[in-house]
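Below is one structure; the comments refer to it alone.
The values are calculated or read from the model by the stated rules, or taken from the named source; none is laboratory data. Predicted model, so just to flag it, every value in this text is computed and none were measured. Cβ placement follows ideal geometry from the backbone for every residue including glycine, while neighbour counts extend to all protein chains displayed.
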Amino acid sequence: MSQQVVTRFAPSPTGFLHIGGARTALFNWLYARGRGGKFLLRIEDTDRARSTPAATQAILDGLAWLGLDHDGEAVSQFARAPRHAEVAHALLDAGKAYKCFATQDEIETFREAARAEGRSTLYRSPWRDADPATHPDAPFVIRIKAPREGATVIRDVVQGDVTIRNDQLDDMVLLRSDGTPVYMLAVAVDDHDMGVTHVIRGDDHLNNAARQMMIYEAMGWPLPVYAHIPLIHGPDGKKLSKRHGALGVEEYQKMGYPAAAMRNYLARLGWSHGDDEFFSDMQAREWFDITGIGKSPARLDFKKLENLCGRHIAAMDDAALLHELKGFLAATGQPPLSDEKLQLLEQAMYCLKDRARTFPELIEKATFILADRPIMADAGAAAHLDDVSRGILKELTPHLQNATWSRNSVEELVTQFAEDHGMKFGKLAGPLRAALAGRTATPSVFDMMLVLGRDETTARLTDVAGLGG
Ligand code: GLU
């Protein structure tokens with residue numbers, strides 16, 4: 001039986017869940033979910049000065065919004081510090097690590113001399129091979145005995161083989177003199193203990209892999225598969241900055257992008273499956289593989305993102321869309337919708353969801369439902385409500401009051417009415433849109449009438465017709 005795939009997302013809770021982190025999480029989630037594996041979450045909160053509960057919460061909220069559920073409880077790296085120390089001591093006992101009593105001053109003196117002589121400034125501790133009998137009763141750190149000869153090869157499935165000469169690696173500190181573990185030890189021990197089989201993360205961690213591998217090798221643990229993915233760049237090919245959209249994912253939610261579209265877009269950011277641009281979660285899970293990850297940085301492109309959003313909104317199930325819309329309103333601090341409005345929205349979703357790329361656009365199209373009488377026309381719509389058109393609406397209203405409220409008969413009635421008055425339906429549509437929605441960009445007049453019902457439709461027409469006197 002082949003081993004179960006276990007991936008993890010290991011964010012440091014020092015800020016929001018940014019777009020690059022979200023993509024790393026997504027890749028790990030897709031890889032595990034597509035293989036019946038596990039996707040674990042580890043909060044790397046060892047840096048006590050910079051880690052905050054608010055940032056942890058922002059990460060959890062961002063993952064929840066994106067629908068990237070993890071298996072089991074989130075692991076706190078800080079809480080595992082005793083286990084990290086245990087491994088450092090195990091390496092010490094096995095002779096793979098040593099106590100180093102060098103003081104900061106001694107290390108600095110070593111480096112200055114090395115600089116002056118043009119040698120490598122990597123610290124070479126005299127304590128590496130010292131007889132324990134000579135150890136002073138003084139504070140010490142625990143250092144790993146790094147290999148000095150040969151090379152370390154990271155067999156990265158995205159980057160290919162990356163070779164680092166061992167004489168470029170120092171005897172890294174594992175445990176500080178106050179007994180606290182260093183980050184590199186914590187990551188290696190946690191990945192091992194959590195059974196992580198595939199480490200998929202940003203390529204800014206590629207150099208760390210060599211150091212983490214040293215710990216694995218010293219402990220005799222089997223190595224995970226490494227996949228270091230290129231970072232995301234801005235549309236201009238430069239490193240992603242705030243101006244480019246290096247924002248927390250909650251900002252994307254606030255801009256009104258549906259989570260399904262974000263997943264689709266983020267999956268395509270650095271990974272491809274032929275020419276497929278638009279796909280479902282099911283397809284992404286089935287198709288996603290590390291072999292489809294590109295070696296060069298992907299560029300963030302809001303146009304493409306919005307285009308995908310429009311396609312997802314159009315394709316989404318009405319109830320799911322409504323659910324996300326509610327989330328959008330809450331995230332942007334807007335009041336929740338009444339049950340009555342929600343019901344109308346659900347009925348109208350079929351005519352709202354095409355050609356809306358974001359939730360604000362969908363809401364704009366839904367003005368005829370969300371606004372209450374009397375409907376306030378914006379400037380564009382108001383231009384359609386002159387005295388003549390008001391007179392026509394006034395005349396049309398009693399016909400509608402007596403109509404059978406079905407699409408066919410309302411459409412027939414209005415078309416016939418226009419014909420009887422010697423005008424094209426188009427001429428009537430502007431004033432009708434203005435009266436029913438107060439906007440010029442709306443769903444079709446008949447769709448609005450059907451959703452609103454006879455009473456509300458005629459009441460809105462009477463409101464504007466009445467103003468004409
Ligand atoms: N905590 C690291 C970060 O947020 C990730 C470490 C890892 O994936 O190994 O960049």
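Looking at region 112-211, what strands (runs of 3 or more DSSP E) fall wholly within it and have at least 1 residues that are at pLDDT 95 or above and more than 16 Å from the ligand (Cβ to nearest atom)? So that I can check it myself, show each step before the final result.
Details: elements: 141-144, 151-156, 160-165, 173-175, 198-202.
Per the criteria, 141-144, 151-156, 160-165, 173-175.
Total residues in region 32-51 satisfying the condition of being within 14 Å of the ligand (Cβ to nearest atom) and either more than 16 Å from the chain's Cα centre (by Cα) or among the aliphatic types (A, V, I, L, M) (or both): the figure is 10. Evaluating Thr109 against the criteria (1) over 24 Å from Gly220 (Cα atoms); (2) hydroxyl-bearing (Ser, Thr, Tyr); (3) not in a helix (DSSP H, G or I) leaves one unmet condition, (3). One residue stands out among those in region 185-212 that are among the hydrophobic types (A, V, I, L, M, F, W, C) and touching a strand residue (DSSP E or B) at 6+ places or on another chain (Cβ under 6 Å): the one that is farthest from Ile144 (Cα to Cα), which is Ile200.
Is it the case that some residue within region 172-188 is of a type in the set (D, E, K, R) and more than 29 Å from the chain's Cα centre (by Cα)? Please lay out each step first, then the result.
Within region 172-188, the first condition is being of a type in the set (D, E, K, R), and the residues that meet it are 176, 178.
Right, trim to more than 29 Å from the chain's Cα centre (by Cα) and you get 176, 178.
Yes: one or more hits.
Test Gly453 against the criterion of being part of a helix (DSSP H, G or I) and in contact (Cβ under 8 Å) with a residue 40 or more places away in the chain, and give yes or no. Considered against the rule, which asks whether it is part of a helix (DSSP H, G or I) and in contact (Cβ under 8 Å) with a residue 40 or more places away in the chain, Gly453 comes out as yes.
Here Gly21, Gly67, Gly62 are screened, and the one residue that is under 14 Å from the mean Cα position of the chain (by Cα), within 12 Å of the ligand (Cβ to nearest atom) and not β-branched (Val, Ile, Thr) is Gly21. Exactly one residue among Ala435, Ala429 is under 15 Å from Gly391 (Cα atoms), in contact with a helix residue (DSSP H, G or I) (Cβ under 7 Å, 6 or more places away or on another chain), of a type outside the set (D, E, K, R) and surrounded by fewer than 20 Cβ atoms within 10 Å (Cβ to Cβ), and that residue is Ala429. Residues that are surrounded by fewer than 16 Cβ atoms within 10 Å (Cβ to Cβ), modelled with pLDDT of 95 or more, part of a loop (DSSP other than H, G, I, E, B) and not hydrophobic (A, V, I, L, M, F, W, C): does region 247-269 have at least one? So far as region 247-269 goes, no, none of its residues is surrounded by fewer than 16 Cβ atoms within 10 Å (Cβ to Cβ), modelled with pLDDT of 95 or more, part of a loop (DSSP other than H, G, I, E, B) and not hydrophobic (A, V, I, L, M, F, W, C).
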